[in-house]
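The structure appears right after this line, and notes come after that.
The values are calculated or read from the model by the stated rules, or taken from the named source; none is laboratory data. Everything numeric in this text was worked out from a predicted model, so none of it was measured. Methodologically, a virtual Cβ is constructed for each residue, glycine included, from the backbone with ideal geometry; neighbour enumeration extends over all protein chains shown. Areas reflect the complete protein model, heavy atoms only, side chains present, ligands, DNA and RNA absent. Shrake-Rupley method; radii C 1.70, N 1.55, O 1.52, S 1.80 Å.
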Amino acid sequence: MKIFGYDINIGKVQNADSNLSPKAYLPGKITVPNSLFRTRQDIERWRSALQSAESALFPNRTELYRLYKDLFFDAHVYACINTRKNQILQSEFKVVDDAGNINEEKTKLLQNKWFYDFVSHSLDSMYWGHSLIQFLSLRNNVFDGVELVQREFVKPEFDIVIPNIGSTTGTNYLDAPYNKWCIPVGEKRDLGMLAKIAPYVLWKKVAMGSWAEFNEMFGTPIRIGKTNTRDETTRSQMEGMLKNMGASAWGVFDTNDLIELVESNRSDAHQVFNELINMCNREISKLILGQTGTSDEKSFAGSAEVHERILHMYGEADEMYIKSVLKYQLIPLLNMHGMGFENLQIDIEEEDKFSPLEKSKIDLELLKYYKIDPKYIEEKYGVPVTEKVDNSGTVESVKNKLDKYYS
């Protein structure tokens with residue numbers, strides 16, 4: 001079998017063209033009989049998956065990744081992760097020299113889909129623990145794209161890609177020629193933030209499932225038909241009538257049968273489930289966003305501002321993380337392909353700290369003491385302006401001031 005261009009059986013290079021990515025031989029592109037089937041996850045399975053992934057000699061993340069994929073079906077987890085990622089993905093990236101001057105030509109090379117896909121996959125490493133990103137063929141200094149090597153086939157602990165799930169040996173992606181086309185992002189033993197999020201999602205699923213069963217049992221009245229007849233025709237007619245009356249539970253019993261449904265006397269019994277779900281959502285928000293004020297509906301203005309600053313701090317930390325990946329991993333790979341990024345670095349355009357309303361108030365105060373260039377007003381607010389004519393010393397101006405004084 002060919003993995004990364006190698007024939008594993010004889011160990012010879014089959015793909016020696018340095019201009020083409022070894023994409024065709026990636027394990028993620030091989031048709032394999034092993035597929036990740038979805039099973040019901042619970043806390044015990046989570047603990048077992050963690051133990052398997054943390055094994056010192058034979059780490060296996062297959063079960064853990066199966067669990068992680070289920071976590072993304074939770075709307076709250078999906079929304080929180082995207083909220084945090086979008087702080088970086090919506091940023092404008094630029095290429096600058098040591099003096100901070102923008103290199104327009106190199107900046108345009110990054111304004112392609114492959115670059116933003118690379119940044120997105122790199123940010124995913126914080127949640128999954130590791131991402132092995134492969135670059136596709138290079139044409140006119142633009143990559144055809146980037147792909148995430150299927151995580152089940154990557155053993156980051158040993159820097160290898162395996163041919164089959166469960167294999168213990170594979171191809172080292174740090175060796176040539178693969179180091180020219182692959183970038184591993186994340187720590188080798190890190191299992192990611194999803195390992196901490198998993199139990200809260202599992203408890204939340206149990207609460208929601210139990211709530212659904214509670215509604216099914218007690219949300220609608222149960223239809224009970226009683227008869228002492230032994231005639232099958234009459235009994236069948238009653239069964240058909242009860243069955244066609246609606247979707248709730250029903251039954252046909254003898255007149256002497258005793259039917260008893262035990263239900264909580266509390267009118268707010270549903271809060272047992274609701275509070276557990278809300279608690280899990282709050283803990284998930286804290287793990288991903290560092291706070292709850294930007295993801296929950298109820299939040300006071302003062303505390304919301306504090307929570308927004310915390311989210312901004314998390315965004316700055318993510319910015320430093322992605323900058324290090326770009327500087328120490330992406331730029332060296334681009335230089336391997338002769339794209340000329342020597343003595344250059346990729347930076348992020350800093351956004352204004354003040355909102356348009358706050359900036360307008362500052363500008364109004366400055367206008368009391370200084371003149372502001374009309375070009376600045378036009379660029380900031382999109383309003384064409386001209387300099388105001390000073391009429392303070394005219395006869396009409398003096399007359400108006402006297403009128404106001406004696407009126």
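Some observations on this one:
- Scoring residue 192 on the criteria (1) assigned to a loop (DSSP other than H, G, I, E, B); (2) buried (at least 19 other Cβ atoms within 10 Å of the Cβ); (3) of a type outside the set (A, V, I, L, M); (4) free of Cβ contacts under 8 Å to residues at least 40 places away in the same chain leaves a single failure, condition (4).
- Here residue 153 meets each of (1) open to solvent by 50 Å² or more (accessible area, probe 1.4 Å); (2) more than 24 Å from residue 324 (Cα to Cα) with one exception, condition (1).
- Residues being open to solvent by 30 Å² or more (accessible area, probe 1.4 Å), over 18 Å from residue 98 (Cβ atoms) and either among the acidic types (Asp, Glu) or part of a helix (DSSP H, G or I) (or both) - total across region 320-345: 4
- Single condition residue 309 does not satisfy, out of (1) modelled with pLDDT of 90 or more; (2) open to solvent by 50 Å² or more (accessible area, probe 1.4 Å); (3) not hydroxyl-bearing (Ser, Thr, Tyr): (1)
- Residue check, residue 147 surrounded by 16 or more Cβ atoms within 10 Å (Cβ to Cβ), within 21 Å of the chain's Cα centre (by Cα) and farther than 28 Å from residue 319 by Cβ: no
- Annotation: residue 163 fulfils all but one of (1) open to solvent by 30 Å² or more (accessible area, probe 1.4 Å); (2) part of a loop (DSSP other than H, G, I, E, B); (3) in contact (Cβ under 8 Å) with a residue 40 or more places away in the chain; the unmet one is (1).
- The single condition among (1) closer than 19 Å to residue 341 by Cα; (2) in contact (Cβ under 8 Å) with a residue 60 or more places away in the chain that residue 84 does not meet is (1).
- Positions within region 351-377 being under 37 Å from the mean Cα position of the chain (by Cα), open to solvent by 90 Å² or more (accessible area, probe 1.4 Å) and modelled with pLDDT of 70 or more, in sequence order: 361
- Across region 62-82, the number of residues qualifying as within 17 Å of residue 205 (Cα to Cα) and touching a Phe, Trp or Tyr at 6+ places or on another chain (Cβ under 7 Å) comes to 4.
- Answer residue from region 81-110, given it is closer than 26 Å to residue 285 by Cα and of a type in the set (A, V, I, L, M, F, W, C) and is most open to solvent (accessible area, probe 1.4 Å) among those: 89
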